[in-house]
């Protein structure tokens, strides 16, 4: 596992480098990942617009920002993503806003299809679901937590729909995008604060 994590970190990029890559892919009408279908290319173009909007508009509430700033452990947030992934386009800009508040948090992004060993070590219910964030302690290199692929409320929303209808429909995907737009990243922020409090219990006492 140590070598898999180490390779993932070596192959990773900063959030800004990832944004530049998504911009480049959108301008070229291409996409990251092994599959270059027209559908995935269109998702990349759409996600570039989403991320551009979120980068400008996401606001971190004061109470959440205070807790994130107070986190003392030095960690890397290694996020597995691809440019075509709608959930990643909504979640990554929020993680970036939080990481920017604390010098102890280093946000890195790594591409799923270029790092299959890393992805397969962090499956969700047996699937290569993204985005998936791996929280790594800087000194030891040990994995402290994982997060993703969706915020907790969205996960519950998806699970309820699957339980009732068996599979996700295109109409449901539109509803999920509406949920992200309405929630404005707040559920991701709440989830992350909850995670930080598990790592440093005195943070939330």
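The values are calculated or read from the model by the stated rules, or taken from the named source; none is laboratory data. All figures in this text were calculated on a predicted structure; none of them were measured in a lab. Note that each Cβ is placed from the backbone with ideal geometry, even for glycine, and that neighbours are counted across all protein chains shown.
Looking at the stretch 9-64 only, could you name the residues that are farther than 19 Å from residue 78 by Cα and either in contact with a strand residue (DSSP E or B) (Cβ under 7 Å, 6 or more places away or on another chain) or outside any helix (DSSP H, G or I) (or both)?
Listed by number, the residues that qualify are 28, 29, 30, 31, 34, 35, 36, 37, 58, 59, 60, 61.
What are the residues in the stretch 143-188 that are in a loop (DSSP other than H, G, I, E, B) and either surrounded by 15 or more Cβ atoms within 10 Å (Cβ to Cβ) or touching a strand residue (DSSP E or B) at 6+ places or on another chain (Cβ under 7 Å) (or both), if any?
Within the stretch 143-188, the subset in a loop (DSSP other than H, G, I, E, B) is 148-151, 166-169, 184-185.
Of everything in the stretch 143-188, those that are in a loop (DSSP other than H, G, I, E, B) and either surrounded by 15 or more Cβ atoms within 10 Å (Cβ to Cβ) or touching a strand residue (DSSP E or B) at 6+ places or on another chain (Cβ under 7 Å) (or both) turn out to be 148, 149, 150, 151, 184, 185.
When you go through (1) more than 20 Å from residue 149 (Cβ to Cβ); (2) touching a residue at least 40 places away in the same chain (Cβ under 8 Å); (3) surrounded by 14 or more Cβ atoms within 10 Å (Cβ to Cβ) one by one for residue 45, which number turns out not to apply?
Just one mismatch for residue 45, condition (2).
Kindly check whether there is at least one residue in the stretch 122-140 that is surrounded by fewer than 17 Cβ atoms within 10 Å (Cβ to Cβ), within 21 Å of residue 18 (Cα to Cα) and modelled with pLDDT of 95 or more.
yes
Spot the failing condition for residue 119; the list is (1) surrounded by 12 or more Cβ atoms within 10 Å (Cβ to Cβ); (2) in a loop (DSSP other than H, G, I, E, B); (3) over 13 Å from the mean Cα position of the chain (by Cα), and only one is missed.
(2)
What is the number of the single condition among (1) touching a strand residue (DSSP E or B) at 6+ places or on another chain (Cβ under 7 Å); (2) within 25 Å of residue 26 (Cβ to Cβ) that residue 114 does not meet?
The single condition residue 114 does not satisfy is (1).
Looking at the stretch 183-205, which of the residues that are in contact (Cβ under 8 Å) with a residue 12 or more places away in the chain and farther than 14 Å from residue 98 by Cα is nearest to the chain's Cα centre (by Cα)? Show your work before the answer.
So the first thing to find is which residues in the stretch 183-205 are in contact (Cβ under 8 Å) with a residue 12 or more places away in the chain, and the list is 183-193, 195-200, 203-204.
When the remaining residues are screened for being farther than 14 Å from residue 98 by Cα, the result is 183, 197-200, 203-204.
Values: 183: 16, 197: 19, 198: 19, 199: 19, 200: 21, 203: 23, 204: 23 Å.
The selected residue is 183.
Within the stretch 69-82, can one find any residue that is modelled with pLDDT of 95 or more, touching a helix residue (DSSP H, G or I) at 6+ places or on another chain (Cβ under 7 Å) and in a helix (DSSP H, G or I)?
Checking the stretch 69-82: at least one residue is modelled with pLDDT of 95 or more, touching a helix residue (DSSP H, G or I) at 6+ places or on another chain (Cβ under 7 Å) and in a helix (DSSP H, G or I).
I need every pair where a residue in the stretch 132-156 that is touching a residue at least 12 places away in the same chain (Cβ under 8 Å) and on the phi > 0 side of the Ramachandran plot has its Cβ under 9 Å from the Cβ of a residue that is part of a helix (DSSP H, G or I) and exposed (fewer than 15 other Cβ atoms within 10 Å of the Cβ), sequence separation at least 6 or different chains.
That search, which allows pairs on different chains as well, returns 141/2; 141/6.
Looking at (1) in contact with a strand residue (DSSP E or B) (Cβ under 6 Å, 6 or more places away or on another chain); (2) surrounded by fewer than 24 Cβ atoms within 10 Å (Cβ to Cβ); (3) in a helix (DSSP H, G or I), can you tell me which one residue 93 breaks?
Of everything listed in (1) in contact with a strand residue (DSSP E or B) (Cβ under 6 Å, 6 or more places away or on another chain); (2) surrounded by fewer than 24 Cβ atoms within 10 Å (Cβ to Cβ); (3) in a helix (DSSP H, G or I), residue 93 misses just condition (1).
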